[in-house]
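Encoded as structure tokens, the structure appears first; notes follow it.
Rule-based calculations on the coordinates, nothing more; no lab input. These numbers come from a predicted model, not from an experiment. Reconstructed Cβ throughout: ideal geometry from the backbone, glycine too, with neighbour counts over all protein chains shown.
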Amino acid sequence: MTKNYNSAIIKMAATAVLIALVIWFVFWAKSLLVPMVFGVILTLLIMPVNQWLEGKGINRILAAALSMFVLLLLLGLLGFLIGKQFVNIFENMDSINAKIKEGIAKIFKVLRNEFGMNQSEIEAKVDSITESSIGYLSSGIFKSTGALLNGTLVIIYTFLLTIYRSAFKQFAVLQFASDARDQARETIEKIQKMMINYMGGWMIMILFLGSLGSLGLWLIGIDYPLFWGFLAAFLAIIPYLGTAIGMLLPTIFALSTTSTTWQPLATLGLFIAIQQIEGNFFTPKILGSSVKINALASIVVLIFGNLLWGIPGMIIAIPCAAVIRIIFEQVPQLKPIAALLNQNIYNKQKDLTDKYGERRNSIINLFRKKIKP
């Protein structure tokens with residue numbers, strides 16, 4: 001028994017070292033892996049169109065080319081609509097940065113009157129907030145856009161993955177024993193379905209929230225309405241932090257560029273209403289129902305994704321956690337961890353004991369030669 005236990009501990013340590021090496025490689029190979037991962041995402045986005053075309057008798061290569069054309073057409077249309085404002089924003093970044101500073105200064109002046117802050121403290125905090133938020137946003141957009149949308153490379157990955165997807169899927173299934181291949185195939189199909197639903201919901205959310213925000217800002221009379229509206233929609237992809245920044249930046253911009261009180265307040269009210277729609281409908285009904293990850297797990301994986309890959313890592317953190325949850329559900333000893341990641345765990349503590357209370361569900365049994373009930 002002791003020998004078996006010691007052997008299990010050694011195997012656990014070796015597995016921990018292997019996981020650490022994999023994490024190091026993922027971090028080190030960021031420039032290679034990020035475009036590839038987003039190529040997978042685009043492949044999943046065009047999968048329904050591609051499968052529909054193949055179902056009509058079109059060969060796979062032509063179907064992939066037509067699917068890519070549809071994707072690029074939609075992206076080009078979106079780029080045409082917001083491209084000019086996007087260019088103007090970054091050409092006038094210094095001016096906009098100064099205006100946002102003025103807006104933040106107005107907020108701190110109110111705080112000074114209420115809480116007795118001195119002028120030097122206000123100036124220091126204004127500089128700190130502006131540099132961190134605008135600097136992070138601008139550098140993050142440039143760096144992450146260059147990394148995750150690396151133009152031709154991502155398009156090539158998407159096209160090739162669309163063509164070779166069946167071969168890669170079959171290769172993954174063949175890595176398992178013959179009696180486990182059906183389960184492996186079902187698991188892969190479950191992951192594919194989850195990712196397609198999540199990414200499809202993602203695109204619907206961006207288009208709806210971006211259009212709604214842009215229309216609202218245009219009616220309020222805020223400059224660059226398409227840019228701010230779709231920026232907030234894209235940032236909503238990153239739970240919690242993204243939605244807060246997406247609301248705060250246009251509100252401060254409105255405060256610094258308008259001469260009335262109602263316009264900044266209307267901007268704030270607009271994004272609060274949009275966040276309510278996103279938080280009460282899109283996230284739980286569309287995105288949440290696909291990934292089924294609880295809030296604590298979401299925050300942890302978001303932080304971890306940011307440490308590894310920055311903004312791209314935060315974007316893919318939630319679906320990656322959902323993939324891990326689906327895989328863990330197939331391994332008896334890892335099912336308790338999958339249950340801990342589930343969004344409904346807060347009211348199902350008893351289920352953990354009833355379903356996974358037996359000794360054979362202990363994680364250490366993964367590393368033992370014999371699993372005793």
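Remarks
- Computed from the Cβ-Cβ distance with R0 of 41 Å, the FRET efficiency linking Val70 to Trp262 stands at 0.45.
- Ordering Thr158, Thr258 from the fewest to the most neighbouring beta carbons within 10 Å gives Thr258, Thr158.
- Vicinal HN-Hα couplings computed from phi for the stretch 51-57 (Karplus, 6.51 cos²θ - 1.76 cosθ + 1.60; Hz; Gly/Pro x): 5, 5, 5, 5, x, 8, x
- Close amide H partners of Ile293, meaning residues 5 or more places away or on another chain with modelled amide H under 5 Å apart, are Gln343.
- Here Thr257, Thr152 are placed in order of increasing Cβ neighbour count within 10 Å, fewest first, which gives Thr152, Thr257.
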